[in-house]
Amino acid sequence: MGVKFRACVAIVFILLLLGSMWLHGNLEHWNTCPIASRVKNKPLSLTIVNSSDEGVAPLRVCPGQRFQIAKLQAHLQAAPVSANDVLLMPYLASWDELIKFLEALGPMVGLISQEIESKTTIIRDLAQKAEKEAEKKMTPQRDTGMVISHNRSSNYSELNHRLSFGYTSIRSMIKWELENGLVDFHQQTNSGCRTLLRLHRALLWLQNFLQELGKDASEGERLQSPSDLCKETYQRTLAHHHTWLVRKGAELAFLAMPERPYFYKLVCVGTQAEASVVLNRVVRAIEEVYKRNEVALQEHGMLDLP
């Protein structure tokens, strides 16, 4: 079955089954969850972690395309801070690149990227609101480093001493929202913590997909298609938080996914061996960010926010 034919099939079924469902909260966990105990936030160390690959050349910039694997890697490496936290600005910037990655895979998969982008917008809007509120309370000689800007700046080094307030980091956001009563453990809200959880779940799916995409075939076996890999990794990660209808719609969307040569071009490589090197570096960076966010959410009983 050719890619174009599969794309047509996917489009028909998506329109019939989903309509605009991906655009209205379909990274959501639709069942309410019991409240979990809140754990006191740990004090933050104020040292930026150097997560770059020692002695390894930076990834290449791909001319003529929106998604840049090098930018994704740079944002991911800039995100870890201290021993247990993640800076919010580079974390959201890494999602900006992942959104471009999904959009590059075609209009059906692009529906998912629109839903993810709506989540990043919620957190940026909350950060902007908190910043404006803080500005009203500050003296004329206010400390401009107390809050994170909602702008998509890449100057992350200035943030290594700004982790005690608002939406600067994942842990500062959790602390801020708990102290201000913005997190509801019983009902759905648009809090940054609940929104982060939805992004967190989606990140696990993409990490799994990129990891499988970077694997070489065993001797005597053929490489699985990206479509199959995407479906399998979705089923063991993000699908657990979706309804049956959304799961089927997502799996149909994956049918329209391009073949491997397209992914090689997307990450600026020519062979599977080269793709393995590049994707494994990105996967390691994602794993570090994911692990830190997992711990922070778990410590505060937020892995099942409704």
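The values are calculated or read from the model by the stated rules, or taken from the named source; none is laboratory data. Bear in mind the structure is a predicted one, so any value in this text is a computation, not a measurement. For neighbour counting, all protein chains shown are included, and Cβ atoms are generated from backbone atoms with ideal geometry for every residue, glycine included. Note: areas computed on protein heavy atoms with side chains; ligands, DNA, RNA excluded. Shrake-Rupley method; radii C 1.70, N 1.55, O 1.52, S 1.80 Å.
Mind checking whether some residue in segment 167-176 is open to solvent by 10 Å² or more (accessible area, probe 1.4 Å) and at pLDDT 90 or above? Before you say what the answer is, go through the steps one by one.
Let us first name the residues in segment 167-176 that are open to solvent by 10 Å² or more (accessible area, probe 1.4 Å), namely 175-176.
This time we only want the ones that are at pLDDT 90 or above, so: 175-176.
Checked segment 167-176: at least one residue is open to solvent by 10 Å² or more (accessible area, probe 1.4 Å) and at pLDDT 90 or above.
So which residues in segment 61-82 are within 13 Å of I170 (Cβ to Cβ) and either assigned to a strand (DSSP E or B) or modelled with pLDDT under 95 (or both)?
Narrowing segment 61-82 to residues within 13 Å of I170 (Cβ to Cβ): 79-82.
Of everything in segment 61-82, those that are within 13 Å of I170 (Cβ to Cβ) and either assigned to a strand (DSSP E or B) or modelled with pLDDT under 95 (or both) turn out to be P80, V81, S82.
For Q211, state whether it is under 29 Å from I122 (Cα atoms) and either aromatic (F, W, Y) or in a helix (DSSP H, G or I) (or both).
Yes; evaluated as a whole, the condition is true for this residue.
Applying the condition of being buried (at least 17 other Cβ atoms within 10 Å of the Cβ) and without any contact (Cβ under 8 Å) to a residue 60 or more places away in the chain to segment 177-190 and asking which residue is nearest to the chain's Cα centre (by Cα) yields E177.
Considering every residue within segment 220-243, establish whether at least one is more than 21 Å from G106 (Cβ to Cβ) and in contact with a helix residue (DSSP H, G or I) (Cβ under 8 Å, 6 or more places away or on another chain).
Step one: filter segment 220-243 for residues more than 21 Å from G106 (Cβ to Cβ), giving 220-222, 236, 240-241, 243.
Next cut, in contact with a helix residue (DSSP H, G or I) (Cβ under 8 Å, 6 or more places away or on another chain) only: 236, 241.
Yes, segment 220-243 has at least one match.
Given the criterion under 25 Å from V86 (Cβ atoms), among the charged types (D, E, K, R) and either without any contact (Cβ under 8 Å) to a residue 60 or more places away in the chain or surrounded by fewer than 16 Cβ atoms within 10 Å (Cβ to Cβ) (or both), identify the matching residue among K291, K265. Spell out the reasoning first.
On the way: K265 fails: under 25 Å from V86 (Cβ atoms).
On inspection, the qualifying residue turns out to be K291.
When you scan segment 226-248, do you find a residue that is open to solvent by 30 Å² or more (accessible area, probe 1.4 Å), under 26 Å from R124 (Cα atoms) and either part of a helix (DSSP H, G or I) or in contact (Cβ under 8 Å) with a residue 60 or more places away in the chain (or both), even just one? Yes: segment 226-248 contains one or more residues that are open to solvent by 30 Å² or more (accessible area, probe 1.4 Å), under 26 Å from R124 (Cα atoms) and either part of a helix (DSSP H, G or I) or in contact (Cβ under 8 Å) with a residue 60 or more places away in the chain (or both).
Picking from residues in segment 81-109 that are over 14 Å from the mean Cα position of the chain (by Cα) and either of a type in the set (S, T, Y) or open to solvent by less than 10 Å² (accessible area, probe 1.4 Å) (or both), the one that is farthest from A202 (Cα to Cα) is S82. Taking the condition surrounded by 19 or more Cβ atoms within 10 Å (Cβ to Cβ) and hydrophobic (A, V, I, L, M, F, W, C), does A202 pass? Here the answer is yes, as A202 does meet what is asked.
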